Amino acid sequence: MIRVRLLDTPMDIATMDETVDRALVAMRSGRRCQHVAMNVAKLVNARTDADLAQDIRDSDIIGLDGMGVVVGLKAMGHAVPERVTGIDLFLRMMDECARRGFKPFLLGARPDVLAETQAELQRRYPGLVFAGAHHGYFKPEEEEGIRDLVRDSGAHCLFIAMPTPRKERFMRRWRDTLGTPFLMGVGGSFDVVAGRVSRAPALMQRFGLEWLHRMLQEPRRMLGRYLKTNAVFAVLLARELAAHKIGGLSPARRKRAA
């Protein structure tokens with residue numbers, strides 16, 4: 001696992017196996033490990049949201065979830081062996097928990113979606129036992145009670161299906177008092193597992209077009225968001241590439257030449 005920077009934002013280049021190994025070490029040892037999944041929207045929003053930027057910097061693993069950040073890193077000269085999407089990592093962790101006896105806690109989504117997610121995960125991964133679960137529709141003044149619920153459950157890992165920056169803020173605020181070794185935000189993964197939202201076909205996933213699939217499903221909600229953040233990212237990346245071209249070498253090549 002190698003930490004690099006893209007548009008002054010730290011990110012970790014790692015394979016799925018390397019990421020899972022870090023999570024398993026945390027769960028075995030009891031040492032906290034917080035994962036945040038990076039995509040273009042989060043990177044762009046963090047430039048104007050100081051709290052979100054701090055949430056990202058304070059994470060132990062900053063994974064490459066979006067194809068845009070992978071393309072950006074490659075353009076800057078970094079070798080990226082694979083993209084580790086949030087939902088793929090979440091499902092891999094469910095499999096590991098079922099096989100190794102670790103107990104996850106699920107937090108987020110509506111009560112009905114949460115129940116369907118639990119049932120589907122137990123169908124897919126026989127032997128999976130949850131430490132607990134709670135929907136994501138709670139008030140800010142109820143957060144401490146949710147923290148206590150997770151802590152008292154004895155969960156080995158916590159997966160939070162809430163929007164950005166709410167999930168990142170929850171993890172940073174409570175991670176040191178949760179007593180839960182591995183923490184990860186999974187966005188809309190519960191909706192996908194429950195069958196409420198379809199996942200992009202494999203070919204679209206391969207070319208990083210999940211955003212297009214999502215936009216086609218929810219055009220009113222997603223069109224403006226994607227167009228805005230993708231356009232800003234394209235401009236920022238072009239400027240960064242131009243600056244390094246003028247400077248001579250990309251960070252990765254400069255390091256190899258040193």
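The values are calculated or read from the model by the stated rules, or taken from the named source; none is laboratory data. Keep in mind that what you see is a predicted model, and the values were worked out from it rather than measured. Neighbour counts are summed over all protein chains in view; Cβ atoms, including those assigned to glycine, are modelled from backbone coordinates with ideal geometry.
Taking the condition surrounded by 14 or more Cβ atoms within 10 Å (Cβ to Cβ) and either modelled with pLDDT under 95 or under 27 Å from Asp51 (Cα atoms) (or both), does Gln118 pass?
no
Given the residues Asp60, Asp55, Asp88, which is the only one that is buried (at least 21 other Cβ atoms within 10 Å of the Cβ), on the phi < 0 side of the Ramachandran plot and in contact (Cβ under 8 Å) with a residue 24 or more places away in the chain?
Criteria check complete, one pass: Asp55.
Take Val36 and decide whether it is of a type outside the set (D, E, K, R) and farther than 14 Å from Leu183 by Cα.
Here the answer is no, as Val36 does not meet what is asked.
Pairs, please: C-beta under 8 Å, at least 6 apart or cross-chain, first residue among the β-branched types (Val, Ile, Thr) and in region 91-117, second in a helix (DSSP H, G or I)?
Val113/Phe190; Val113/Asp191; Thr117/Phe190; Thr117/Val193
Part of a helix (DSSP H, G or I), free of Cβ contacts under 8 Å to residues at least 60 places away in the same chain and either under 27 Å from Arg47 (Cα atoms) or charged (D, E, K, R) (or both): does that describe Arg172?
no
Scanning region 140-165 for residues that are modelled with pLDDT under 95 and surrounded by fewer than 17 Cβ atoms within 10 Å (Cβ to Cβ), which turns out farthest from Ser29 (Cα to Cα)?
This residue is Pro140.
Of everything in region 15-54 that's in a loop (DSSP other than H, G, I, E, B) and out of contact with any helix residue (DSSP H, G or I) (no Cβ under 8 Å at 6 or more places or on another chain), which residue is farthest from Cys97 (Cα to Cα)?
Step by step, filter region 15-54, then rank; the result is Thr48.
Filter region 119-135 for residues that are of a type outside the set (A, V, I, L, M) and closer than 18 Å to Glu96 by Cβ and give the result.
Once the filter is applied, which keeps residues that are of a type outside the set (A, V, I, L, M) and closer than 18 Å to Glu96 by Cβ, region 119-135 yields Glu120, Gln122, Arg123, Arg124, Tyr125, Pro126, Gly127, Phe130.
I need the full set of residues from region 27-70 which are of a type in the set (Lys, Arg) and over 21 Å from Leu236 (Cα atoms), in order please.
Arg28, Arg31, Arg32
Scan region 143-161 residue by residue and report those that are β-branched (Val, Ile, Thr) and not in a helix (DSSP H, G or I).
Correct list: Ile160 only.
For residues in region 25-46 being over 11 Å from Thr229 (Cβ atoms) and charged (D, E, K, R), which is surrounded by the most Cβ atoms within 10 Å (Cβ to Cβ)?
Ranking the candidates gives Arg32 first.
Of the residues Met204, Met215, which single one is part of a helix (DSSP H, G or I) and in contact with a Phe, Trp or Tyr (Cβ under 6 Å, 6 or more places away or on another chain)?
On inspection, the qualifying residue turns out to be Met215.
Conditions (1) modelled with pLDDT of 75 or more; (2) crowded, with 19+ Cβ neighbours inside 10 Å, marked per residue:
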| site | (1), (2) |
| --- | --- |
| Arg173 | yes, no |
| Pro181 | yes, yes |
| Met184 | yes, yes |
| Gly195 | yes, no |
| Ala202 | yes, no |
| Ala231 | yes, no |
| Ile246 | no, no |
| Arg254 | no, no |
